[in-house]
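Notes follow the structure.
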Amino acid sequence: MIEVVARRAAGVALIVLAALVPIVTAAWLSAWENDLAGRRSVEPLGVADIAVAGTLLWGIVLAGLWWHRRRMTMWPVWSRWASVTGLFAALSESLRLTTVHAKPLALLLWAGLVVVCWALGEVVRLVTTRPVTAGLMASGLEIPFPTRELRARLCVRADRLVLDSLASRRKRSRDVVAVPWTALRSIALVEVEQETVCQVLVFSNRLDARAREFDVRPGPALHVVGTARELLIPVSAEVGRTVLTAVKVRSAGAESHETLTEDDWSRATGVRRGSRPKESHPTDKRPYVLGVVGTFLLMPLVMLCGTALSRLTGSRRMQEQFKVFDGRVDPVWIATLGVGSVVFLYLLNRYVIRAFLEFMAFQNYIEAFPEPPPPPPRTGTVPGSGKKGKKR
């Protein structure tokens, strides 16, 4: 427990650092540009000004970190998103220094800043997932492992073994296959003697899953057998032994479901037998559409927070942006933002958060069971299965 808390705390600290470093750098570049221009009446861009601009994005990052509190492979991604606001502000100031004041050093500083933020994301990955200790295996944190000569990544999660992404390393949310502990029958480290091909079924937005193949070269590999899947995953011998230990620890006590019926699949996915899911339910677009809608519904709350921060910081630039005049706030404006925030948060929960949770539950099931099993054959003994005689 202490190890898990320490890993998460270190990861959060590094993400905060990745967000602050570019903001402080951007503020310093703005002050430098202001001095070179000889301005006295214009206030340079400050840390508070940039922080307010990133309020909405950081809110999304915090929500993402909470949602992926066990998916440690996503923490480096959120770390890089946290640095976007500061990097954008630093880029604007660097371009102004380079083009207006002939200071190309500013662009070099910005390029170095990008490298630092990217490196901090990699450090987040190392701190939260390495080394693989007994405490980490006993926790529910996701543990990623490299595969041998594959673009895909093998991950041991709290409730399943996952092979993500068979399509691209940049889009790991696509083409994900999984074997939950409840569907796991056996897993073993074997030696592949000749090159073979492993075929897996991936959900294709229809009842009929599509097949995807990858080559397995001679060498050690994990042979995974589940209720609806059989995987042959090429790994190194050391990685294979570690994965076996982690799976043994995390799958202990899980009840195995040996059978899967078409009714089970239809009930879990919400798809009626013989029907097809809506074409507007693609696996790689719906979360982004919900994100755009959610961003719009958060705007009143962002404006309300910006108004409060402008009063607290005393920034003239921020007060002009958020309708604060001479340190005073219009009560009608605050009341409007407050009511709008409550109404929009209700709509956010009703039409975005609930829809997203339902979508993810659908995704988790369909990764493990991409298509229903075939219906049982008719033997003619079931009433109504035989031919009906003609009425005379």
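The set of residues in the range 173-186 that are out of contact with any helix residue (DSSP H, G or I) (no Cβ under 7 Å at 6 or more places or on another chain) and either modelled with pLDDT of 75 or more or crowded, with 21+ Cβ neighbours inside 10 Å (or both) comprises ASP175, THR182, ARG185, SER186.
Would you mind stating whether GLY121 is within 30 Å of VAL5 (Cβ to Cβ) and among the small types (Gly, Ala, Ser)?
Spelling it out, GLY121 is indeed within 30 Å of VAL5 (Cβ to Cβ) and among the small types (Gly, Ala, Ser).
So which of VAL84, VAL124, VAL114 ends up being among the aliphatic types (A, V, I, L, M) and buried (at least 20 other Cβ atoms within 10 Å of the Cβ)?
VAL124
Scanning the range 182-238 for residues that are of a type in the set (Val, Ile, Thr) and under 28 Å from PHE359 (Cβ atoms) returns THR182, VAL200, VAL202, VAL224, THR227, ILE233.
Do you know which of the residues in the range 56-101 that are of a type in the set (Phe, Trp, Tyr) and touching a helix residue (DSSP H, G or I) at 6+ places or on another chain (Cβ under 7 Å) is nearest to GLY294 (Cα to Cα)? First the steps, then the outcome.
Of the range 56-101, the ones of a type in the set (Phe, Trp, Tyr) are 58, 66-67, 75, 78, 81, 88.
Then drop every residue that is not touching a helix residue (DSSP H, G or I) at 6+ places or on another chain (Cβ under 7 Å), which leaves 58, 75, 78, 81.
On the way: TRP58: 14, TRP75: 21, TRP78: 17, TRP81: 17 Å.
Among residues in the range 56-101 that are of a type in the set (Phe, Trp, Tyr) and touching a helix residue (DSSP H, G or I) at 6+ places or on another chain (Cβ under 7 Å), the one nearest to GLY294 (Cα to Cα) is TRP58.
Of the numbered conditions (1) among the polar types (S, T, N, Q); (2) within 24 Å of the chain's Cα centre (by Cα); (3) at pLDDT 85 or above, GLN363 fails exactly one; give the number of that condition. Here GLN363 clears every test but (3).
Check the range 32-46 and report whether any residue there is without any contact (Cβ under 8 Å) to a residue 12 or more places away in the chain and in a helix (DSSP H, G or I). Taking every residue of the range 32-46 in turn, at least one turns out to be without any contact (Cβ under 8 Å) to a residue 12 or more places away in the chain and in a helix (DSSP H, G or I).
Could you please give the count of residues in the range 86-139 that are among the basic types (Lys, Arg), within 30 Å of LEU161 (Cα to Cα) and in a helix (DSSP H, G or I)? Number satisfying all stated conditions: 1. The numbered conditions (1) surrounded by 13 or more Cβ atoms within 10 Å (Cβ to Cβ); (2) without any contact (Cβ under 8 Å) to a residue 40 or more places away in the chain; (3) under 22 Å from the mean Cα position of the chain (by Cα) are all true for THR147 except (2). The residues of the range 97-139 that are at pLDDT 90 or above, basic (Lys, Arg) and more than 22 Å from ILE60 (Cβ to Cβ) amount to a single one, ARG130.
The values are calculated or read from the model by the stated rules, or taken from the named source; none is laboratory data. Treat the numbers as computed from the prediction; the structure is a model and nothing was measured. Positions of Cβ are generated from backbone atoms using ideal geometry, with glycine treated the same way; all protein chains shown enter the neighbour counts.
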